[in-house]
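**Student:** Just dropping this structure here.
Laboratory data are not the source of any read-out in this text; all were calculated from the coordinates shown. Quick caveat, the model's predicted, so the values are computed rather than measured. With ideal geometry, Cβ positions are generated from the backbone for all residues, glycine too; neighbour counts draw on all protein chains shown.
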Amino acid sequence: MQNDKELLDMIKESYPQHPSKDFIFLTEAKLRQKARRMNRNGKVKRLSAVTSSILFFTLSFSWFFLFNGKEVMTNILTNTGGEALSTAIDEKDPLVYIYHTHNTETYNVKEPKSAADTYSETKNVTLVGKELSKALKENNISNIHDDTDVLGILEDQNLSFSNAYNVSRLKLQETLNEYKSIKMVLDIHRDSQKRSYTTVNIDGKDYAKISFFVSKINDNYEANKAFAERLHEKLEKLYPGLSKGVFEKGENPRNTYNQDLHDHSLSLNIGGHENTFEEAYRTADALAEVIEEIMNE
Amino acid sequence: MVDLKNLESSIVIIYNDHYLDVFRFLVYFSGNQNDAEDLTQEVFIRVLKNLPHFKNGNNLKTWIFSIAKHVAVDHYRKKKFISVFKEGFFSQLESKEKRPDEEFEITEMEQLIHEAISKLKPNYRAVVILRGIHEFSIKETSEILHCSESKVKVDYHRALRELKRKLHFDAREVLTNAK
């Protein structure tokens with residue numbers, strides 16, 4: 001028996017005894033997410049599907065027959081048919097993934113009394129990502145814009161701000177697993193410097209300046225840096241002065257900015273809190289143009 | 001304990017109570033930290049999905065472990081299938097599975113143990129880990145493995161004997177006794 005115990009103890013000691021901290025945290029977050037989805041699917045969906053379909057049926061029935069619905073309906077069908085089809089194709093093989101780890105960073109704040117004033121739950125940097133997504137689609141570059149309210153999730157789960165990258169990582173990872181077609185990942189932030197540092201005038205129009213930051217502590221460091229520099233150079237050619245360049249960060253505090261997940265990952269700031277949304281949108285459009293050129297190379 | 005009205009808080013409690021045990025079971029079974037983490041996540045996703053079917057009177061821990069055993073055996077089958085292809089081609093390539101931040105260094109003896117365990121057939125492996133290391137009772141082990149108690153006893157002894165043979169454990173003991 002002594003012999004057995006000795007053997008078993010040896011086995012026990014020869015394997016790692018603890019999973020990594022990241023893993024423990026991420027798995028819990030994932031389970032929460034799935035549990036919530038199951039709850040919703042179970043109750044709300046069934047109930048709301050039944051009630052809303054009844055409501056919809058009665059409404060459309062009365063509209064169709066009592067009012068002049070038929071004519072309008074045929075018009076709408078013929079008009080929107082083509083467009084609906086093209087967006088469906090768009091989402092099949094997305095090339096670009098756009099997301100916002102600090103999704104509540106906002107613009108157009110002239111004199112913030114505290115840092116909290118430069119964040120907004122409703123009107124924020126997500127809109128700039130949306131503009132970029134729209135501009136890319138107009139150039140026939142299919143993309144996914146993830147507008148997850150990361151900071152809202154942190155608040156719901158009582159997690160600290162430093163966990164934001166762990167939360168935004170979940171959807172990114174899931175999407176990258178699902179779509180192998182993605183060639184570029186963009187995490188869009190907003191800087192907090194003074195207006196004079198974050199604005200440039202090109203051909204009489206004010207643009208919000210871009211800066212790229214690359215994490216030094218991940219396996220894709222070299223590839224990501226080269227890619228960021230390529231984009232910077234392209235921007236310099238088309239919109240001189242718009243890009244401030246590529247900055248290296250991530251050593252203190254240590255952060256990969258999720259750049260370890262894809263070798264064409266870019267984290268970038270568009271403008272600062274004193275820029276207007278208009279200026280940031282203009283930059284998003286310019287960026288879309290450059291991305292299209294790079295994609296076609 | 002299992003409150004279906006609040007799936008989220010139930011699964012979080014269950015996860016936090018059991019992840020370490022499940023992880024350890026899977027690390028012994030798979031022999032590698034990364035696989036064990038992936039499989040642990042898979043186990044708790046299955047636990048969550050099947051939670052509505054769990055009967056409150058039953059033993060939660062043995063139920064979770066029976067899921068873990070299924071996940072482990074499924075993984076083993078897939079791996080075996082893949083290894084048939086890999087063996088010829090890639091055996092010379094160095095394994096890149098170890099992460100750079102992994103500080104766990106493996107000694108020669110540990111290497112031998114890992115090899116011996118990975119060569120046990122899955123059922124023997126599970127019985128050794130459950131009975132021997134996690135110290136489940138015979139009855140609990142039989143519940144987890146869905147087999148009779150006498151099979152647990154027989155398999156456990158055979159598995160241990162095989163392990164010792166592979167590690168020359170008996171021979172070593174004879175030598176030390178002879179001194």
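**Student:** Classify segment A:224-283 from the C-alpha gyration tensor, please: rounded if a/c falls under 1.5, else prolate or oblate depending on whether a/b exceeds b/c.
**Tutor:** oblate
**Student:** Here is a follow-up. Please build a GNM for chain A, connecting alpha carbons under 10 Å apart, and tell me which residue among A:Asn224, A:Asn108, A:Asn143 fluctuates the most.
**Tutor:** Of A:Asn224, A:Asn108, A:Asn143, the most mobile in the Gaussian network model is A:Asn108.
**Student:** Determine the shape class of segment A:120-267: with a ≥ b ≥ c the square roots of the Cα gyration tensor eigenvalues, call it rounded for a/c under 1.5, and otherwise prolate if a/b is greater than b/c, oblate otherwise.
**Tutor:** Judged from the Cα gyration tensor, segment A:120-267 comes out rounded (a/c under 1.5).
**Student:** Report the local net charge at B:Leu160: Lys and Arg +1, Asp and Glu -1, summed over other residues whose C-beta lies under 10 Å from its C-beta.
**Tutor:** It works out to a net charge of +2.
**Student:** Here is a follow-up. Would you please give the residues with an amide H less than 5 Å from that of A:Ser243, counting only those at least 5 places away or on a separate chain, with H modeled from the backbone geometry?
**Tutor:** A:Ile210
**Student:** Given a cut-off of 21 Å, name the pairs among A:Lys171/B:Lys79; A:Lys21/A:Lys171; A:Lys171/A:Lys234; A:Lys205/A:Lys237 whose C-alpha atoms lie farther apart than that in the structure shown.
**Tutor:** The answer is A:Lys171/B:Lys79; A:Lys171/A:Lys234.
**Student:** Still on this model: Report, as an integer, the average count of C-beta atoms from other chains found within 10 Å of each Cβ along B:49-59. The partial results should precede the final answer.
**Tutor:** Details: counts 3, 0, 2, 2, 0, 0, 0, 0, 0, 0, 0.
The per-residue average across the peptide is 1.
**Student:** Could you work out, residue by residue across A:20-30, how many beta carbons of other chains sit within 10 Å of that residue's beta carbon, and then give the average as an integer?
**Tutor:** Partner Cβ neighbours, averaged per residue: 4.
**Student:** Continuing with this model, one more query. Please work out whether chain A counts as rounded, prolate or oblate from its C-alpha gyration tensor, where a ≥ b ≥ c are the square roots of the eigenvalues and a/c under 1.5 means rounded, while otherwise a/b larger than b/c means prolate and anything else oblate?
**Tutor:** The shape class here is oblate.
**Student:** At what distance in angstrom do the alpha carbon centres of segment B:1-74 and segment A:93-118 lie from each other?
**Tutor:** 38 Å
**Student:** Out of A:Ser168, A:Asn201, A:Val150, whose Cα points farthest toward the positive end of the dipole of segment A:142-207 (charges: +1 Lys, Arg; -1 Asp, Glu; placed on Cβ)?
**Tutor:** Of A:Ser168, A:Asn201, A:Val150, it is A:Asn201.
**Student:** Determine ³J(HN,Hα), in whole Hz, for all residues of segment B:37-42 in sequence, where each value follows from phi through the Karplus function 6.51 cos²θ - 1.76 cosθ + 1.60 and θ = phi - 60°; x replaces Gly and Pro.
**Tutor:** 5, 4, 5, 4, 4, 4
**Student:** Compute the distance in nm between two label points, each set 7 Å from the Cα along the Cα-to-Cβ direction, one at A:Phe61 and one at B:Lys166.
**Tutor:** For the pair A:Phe61/B:Lys166, the computed spacing is 6.9 nm.
**Student:** Related question: With the contact rule set at Cα under 8 Å and sequence spacing of 6 or more, what percent relative contact order holds for segment A:207-297? Don't jump to the answer; show the numbers that get you there.
**Tutor:** Working: 133 pairs, mean separation 39.4, N = 91.
Relative contact order comes out at 43 percent.
**Student:** So, one more: Separation between the A:Glu222 and B:Val73 pseudo-spin-labels, each 7 Å from Cα along Cα→Cβ, expressed in nm?
**Tutor:** Here the modelled spin labels are 4.6 nm apart.
**Student:** In terms of modelled amide H atoms, which long-range or inter-chain residues lie less than 5 Å from the amide H of A:Glu248?
**Tutor:** A:Val214
**Student:** Continuing with this model, one more query. Counting only residues 5 or more places away or on other chains, whose amide H sits under 5 Å from the amide H of A:His189 once H atoms are built in the peptide plane?
**Tutor:** Hits under the 5 Å cutoff: A:Leu268, A:Asn269, A:Ile270.
**Student:** Sticking with this structure for a sec: Using θ = phi - 60° and the Karplus relation 6.51 cos²θ - 1.76 cosθ + 1.60, list the HN-Hα couplings for segment A:214-226 in order, rounded to whole Hz, with x at every Gly or Pro.
**Tutor:** 10, 7, 7, 10, 9, 5, 8, 3, 4, 5, 5, 5, 4
**Student:** Further question: Want the number for A:Asn139 to A:Asp4: 0.36 nm per residue separation, take away the alpha-carbon distance, what's left? Write down the numbers at each step before the final one.
**Tutor:** Numbers: separation 135, 0.36 × 135 = 48.60 nm, distance 6.91 nm.
Net length gain for the segment: 41.7 nm.
**Student:** Then there is this: Over chain A, what is the mean sequence separation of C-alpha contacts under 8 Å (at least six apart), divided by residue count, expressed as relative contact order in percent?
**Tutor:** 20 percent
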